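To start, the structure under review is shown below, and the notes come after it.
All of the numbers you see were taken from the coordinates with simple rules; none came from a lab. Quick caveat: nothing in here was measured; it's all calculated off a predicted structure. Here the Cβ positions follow ideal geometry from the backbone for every residue, glycine too, while neighbour counts run over all protein chains shown.
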């Protein structure tokens, strides 16, 4: 029997990248999977390809989150796995950070994540698994990532506190910290393609394993943390980064 047979799993931002790969992996392990996203077209296309349920919700809109939870409750009753994956990355150096850029990244990456958990808590089963997508950027001091990194550091701090407070319900809360991974998030930064390619080449050289991760690499860790194989794991942060966190990103 597959490890997640009979379980209901929610993946926010599940229409591309790590979310999409994780939805596929969770389904392969037997879970009933629901993916969410802001674009109705993209969510429906991904859900159809994956053979899962797709629901539209913007994590910046708390009313939309309320509606999402109501839809999930009506169709599935309760939830066993919540992968809080939706996020954005908008690079800018200190001195050129706009209020809009700050609000958007902190709003989606941190506030949106916190309230996704808050809204789903009433329908999470005791013994459920919450997995928060963070980043090694929370620790690296990498140039141009000040607000993105801060949003992920906040998420990791929240993860630890939530793990403590939800332990009486046997709800496990963990964070996954990917390093550089090939996902569409970088294509949404607004950086010119030539600059993106240069950034990727420089980044890859700093990874001890000399490659970027694939979304499927992260999905395998997410699936493990979702399963009963990880039943004694909570409040943890798991770097999955090709070793980049032991080879710090330096300026220049």
Simple spin-label estimate for residue 73/residue 214, 7 Å along Cα→Cβ, in nm, reads 4.0
Contour minus end-to-end for residue 94 and residue 2, with contour as 0.36 nm per residue of separation and end-to-end as the Cα-Cα distance? 28.4 nm
Report, in degrees rounded to the nearest 10, the 0 to 90 angle that the Cα long axis of helix 17-28 makes with the longest principal axis of the chain. 30
Output the peptides 229-238, 212-221 sorted from most to least packed, where packing is the average of other Cβ atoms within 10 Å over each peptide's residues. 212-221, 229-238
Provide 8, 207, 181 in ascending order of the number of other Cβ atoms located within 10 Å of each residue's Cβ, fewest first. 207, 181, 8
Expected sort for 103-115, 86-98 on mean C-beta neighbours within 10 Å, highest first, is 103-115, 86-98
Just the Cα atoms of the range 41-80, one point each, no solvent: what log10 I(q)/I(0) does Debye give at q = 0.15, 0.20, 0.31 Å⁻¹? -0.40, -0.68, -1.01
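Only bridges whose two residues both fall in the chain count here: according to DSSP, what percent of them are antiparallel, nearest 5?
DSSP beta bridges in the chain are roughly 0 percent antiparallel.
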So if I take the alpha carbon set of the range 8-239, get Rg, then get Rh from the Kirkwood formula, what is the Rg over Rh ratio? 0.95
Euclidean distance of C-alpha centroids, the range 207-226 and the range 1-52, integer Å: 17
Could you pull the Rg and Dmax for the range 71-121, using just the Cα atoms, both in Å? 15.0, 48
Calculate how steeply helix 193-206 sits against the longest principal axis of the alpha-carbon atoms of the chain, using the helix alpha-carbon long axis, and give the answer as 0 to 90 degrees to the nearest 10. 90
Given the C-alpha centroids of the range 148-173 and the range 93-114, what is the distance between them in whole angstrom? 19
Tilt relative to the chain, helix 40-50 - C-alpha long axis, 0 to 90 degrees, to 10: 70
